[in-house]
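The structure under discussion is supplied below as structure tokens; questions concerning it will follow.
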Amino acid sequence: MIAYIIAFVMLAPPLTPTYSSCFEAFLATLNQINIADAHGLITHDTARTRRLQAIADYQQCKRDAFRAWLRERIRQDPTRYD
């Protein structure tokens, strides 16, 4: 539940298909980590490390998606962002 709250707080720019796919990938990764942790397939420390890496990957994906969104906006109307 906390992961959902954190993920929604971290959403800043308007959702684009690329941006929402970052969120979907983040939730899928967290789900896999939580299942492996719950079944004892990985240690709690390993799960924590993987969650932190998933958060870092999600943040980088959001930055990349925002840059792509901004480049597209500038391409559509270059005079608007002078």
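Every read-out reported here was derived from the displayed coordinates using simple, explicitly stated rules and does not represent laboratory data. Just so we're clear, the structure is a prediction, and the values are computed from it rather than from any experiment. Glycine also receives a Cβ, built like all others from the backbone with ideal geometry; neighbour counts cover every protein chain displayed.
Place the peptides 51-58, 71-78, 33-40 in order of packing, highest mean first, counting for every residue the other Cβ atoms within 10 Å and averaging per peptide.
51-58, 33-40, 71-78
Right, another one. Taking 0.36 nm per residue of separation and subtracting the Cα-Cα distance, what length does fully extending R48 through A68 add?
Value of the extension gain: 4.2 nm.
Follow-up. In debye to the nearest 20, how big a dipole does segment 25-82 give about its Cα centre with +1 on each Lys and Arg Cβ and -1 on each Asp and Glu Cβ?
180 debye
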